[in-house]
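The values are calculated or read from the model by the stated rules, or taken from the named source; none is laboratory data. Since this is a predicted model, take the numbers as computed values, not measurements. All Cβ positions, even for glycine, are placed from backbone atoms using ideal geometry, and neighbour counts span all protein chains on display.
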Amino acid sequence: MQKYLLFLLIITCFPSSYGNQRLNRSPKSIINLNQHDFDLGTTTSRNESQLLDFIESKMETHFIPGIQISIVKGGNIVWNKHFGYANIDENILVDENTMFILSSASKTITATALMHLFQQNLFSLDDNVNDHLSFDIIHPDFPEVPITIKMLLSHTSGIKDNWNFMPFYDGDSPIDLDYYLSQYFTPGGEFFDINSNFTDYTPGTGFSYSNIGAALVGLLAEEISNQSFNEYCIENIFQPLGMNDAYWFLSEIENLNQVASPHQLAEGSTDSLVVLENYGYSDYPAGQLRTTSNDLAKFLSAFNNDGLYNGIQLLNPETIEIMKTIHYPDAAYDQGLIWYYKSLNGSNLFGHSGSDIGSVTEMFLSSSYNIGIVLLSNSRNHEGMGLIESAVFDYATETDFIPSGDLNFDGVITDEDIAILVNLIQVEEYDFISDLNYDNNLDVFDLLELINVIMP
């Protein structure tokens, strides 16, 4: 409401003819892969066009129909691009509002929800998970060893994914999260298998990447908060950060054409893609979040800026440091709390990737360069996405960026930038960096874009 009052106050300064124009703009017209949107307020770089050409060429040769990419620097989003198709059958193009399934990168949101409760002193990381659940989880080979919350977050719990009991659905899962997990761990339960649901090592002594363990993190957040996991994320992560296009469930999305469809090569084909239905799992906190690269970049910006984004303290710096800590180095040398470390182009990065049917996601930070990158796609081509990620990372480290809407180039976006834009509009002076909607005009629509940057 506040931003709209601000807009109404400012618009009175302009000729009344503006009042007859529509405030909602149509998506940019993109007819093929060789066209792309332009980011708001980045410095021009002779290497940018080369990067864009490279991305488009790799999409073509590796059969990646659609991609969104965002770059963050410090606590700002400095570069956004989108390419290609959300659905090749329906000729639906990717735009800035297209949501992609994050697959396992969703786990970073899940861990953040639980750690948000942690910093409220509602539990200890060394607590036995059974202290907070309505059912008990006991490793059948090591019943005397408690499984702790820290073990879950580090993938050292001894809980294993049994893919015979990982239900997959067209659309959302009809099975409640609590029921699914209780039946997975309770002897005699519908999804219980004493031989396949657990590893053969003592909890806390070995590493086994576990989607079920991550789903338990979501359930713990639910039990500790006395709120559904979905609602907790909405109230404490999505709404505060302005992640307005972030949904755990397809049923909550009004326009499903806004969701990128998964694609894969047709059976027996090397060059023909087929479109698949959007899907869901019963362990949804492990990988089912759908959002845009720009919204995910808001989340990443907070982690790149001591937990702070746009005046919102998502987590305190101490909590983030705990998440960055490798708690079981002998078992998981690169594993923090859900988030993990990897090497790219000689740099040590911290983040998470995701991969599933028709999906590859990359989201990583570099503390050395104070940057982060987000890449979302709707095909499962690791080679192509790896090449694109490497190129985007190099571009991000080598380019000086201006935060979107930073018209006075002081590194922050304030009412001073609004004043500059108002003056440019009034004197009818055109400035490329101020043309936030890239229509070759400066008008109240650019002003609204700037207000949305300041007050999302």
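Structure notes:
- Within region 111-123, the set of residues being part of a helix (DSSP H, G or I) and more than 14 Å from residue 340 (Cα to Cα) comprises 113, 114, 115, 116, 117, 118.
Residue-wise test of (1) part of a strand (DSSP E or B); (2) surrounded by fewer than 17 Cβ atoms within 10 Å (Cβ to Cβ); (3) not assigned by TED's automatic domain parsing to the domain that holds residue 327.
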| residue | (1), (2), (3) |
| --- | --- |
| 69 | yes, no, no |
| 104 | no, no, yes |
| 125 | no, no, yes |
| 130 | no, yes, yes |
| 136 | no, yes, yes |
| 141 | no, yes, yes |
| 146 | no, no, yes |
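- Residue match in region 284-295 (condition: assigned to a helix (DSSP H, G or I), more than 22 Å from residue 233 (Cβ to Cβ) and not charged (D, E, K, R)): no
- On inspection, residue 286 does not qualify as assigned by TED's automatic domain parsing to the domain that holds residue 378 and in contact with a strand residue (DSSP E or B) (Cβ under 6 Å, 6 or more places away or on another chain).
- Candidates 32, 80, 47 - the one that is over 20 Å from residue 435 (Cα atoms) and either outside any loop (DSSP other than H, G, I, E, B) or modelled with pLDDT of 50 or more (or both): 47
- Subset of region 50-67 (residues that are within 22 Å of the chain's Cα centre (by Cα) and either of a type in the set (Val, Ile, Thr) or assigned to a strand (DSSP E or B) (or both)): 55, 64, 66, 67
- Residue that is surrounded by the fewest Cβ atoms within 10 Å (Cβ to Cβ) [pool: residues in region 110-120 that are hydrophobic (A, V, I, L, M, F, W, C) and closer than 11 Å to residue 229 by Cα]: 113
- Count - residues of region 132-172 that are among the small types (Gly, Ala, Ser) and more than 20 Å from residue 330 (Cα to Cα): 2
- Residue pairs meeting the criteria (Cβ under 7 Å; at least 6 apart or on separate chains; first assigned to a helix (DSSP H, G or I), in region 227-254; second buried (at least 16 other Cβ atoms within 10 Å of the Cβ) and at pLDDT below 95): 241/309
- Search result, residues across region 187-215 that are out of contact with any helix residue (DSSP H, G or I) (no Cβ under 9 Å at 6 or more places or on another chain), among the polar types (S, T, N, Q) and at pLDDT 95 or above: 199, 202, 205, 208
- Condition check for residue 230: modelled with pLDDT of 95 or more, polar (S, T, N, Q) and closer than 18 Å to residue 378 by Cα: no
- Residues that are assigned to a helix (DSSP H, G or I), within 23 Å of residue 299 (Cβ to Cβ) and touching a residue at least 60 places away in the same chain (Cβ under 8 Å), drawn from region 392-411: 392, 395, 396
- Set side by side, the residues 211, 236 differ, and just one is under 14 Å from residue 116 (Cα atoms) and either crowded, with 18+ Cβ neighbours inside 10 Å or of a type in the set (Ser, Thr, Tyr) (or both), which is 236.
- Within region 302-315, residues that are more than 13 Å from residue 73 (Cα to Cα) have Cβ atoms under 6 Å from residues that are polar (S, T, N, Q) and in a loop (DSSP other than H, G, I, E, B) in these pairs: 307/316, counting only partners at least 6 apart in sequence or on another chain.
- Output for region 255-283, where each listed residue is in contact (Cβ under 8 Å) with a residue 24 or more places away in the chain, aliphatic (A, V, I, L, M), part of a loop (DSSP other than H, G, I, E, B) and farther than 11 Å from residue 98 by Cβ: 276
- Those strands (runs of 3 or more DSSP E) lying entirely in region 328-384 with at least 3 residues in contact with a strand residue (DSSP E or B) (Cβ under 6 Å, 6 or more places away or on another chain): 347-356, 359-366, 371-377
- Residue in region 177-192 that is within 23 Å of residue 108 (Cα to Cα) and in contact with a His (Cβ under 9 Å, 6 or more places away or on another chain) present: no
- Top-ranked residue of region 316-373 - restricted to ones that are more than 21 Å from the chain's Cα centre (by Cα) and of a type in the set (A, V, I, L, M), ranked as surrounded by the fewest Cβ atoms within 10 Å (Cβ to Cβ): 326
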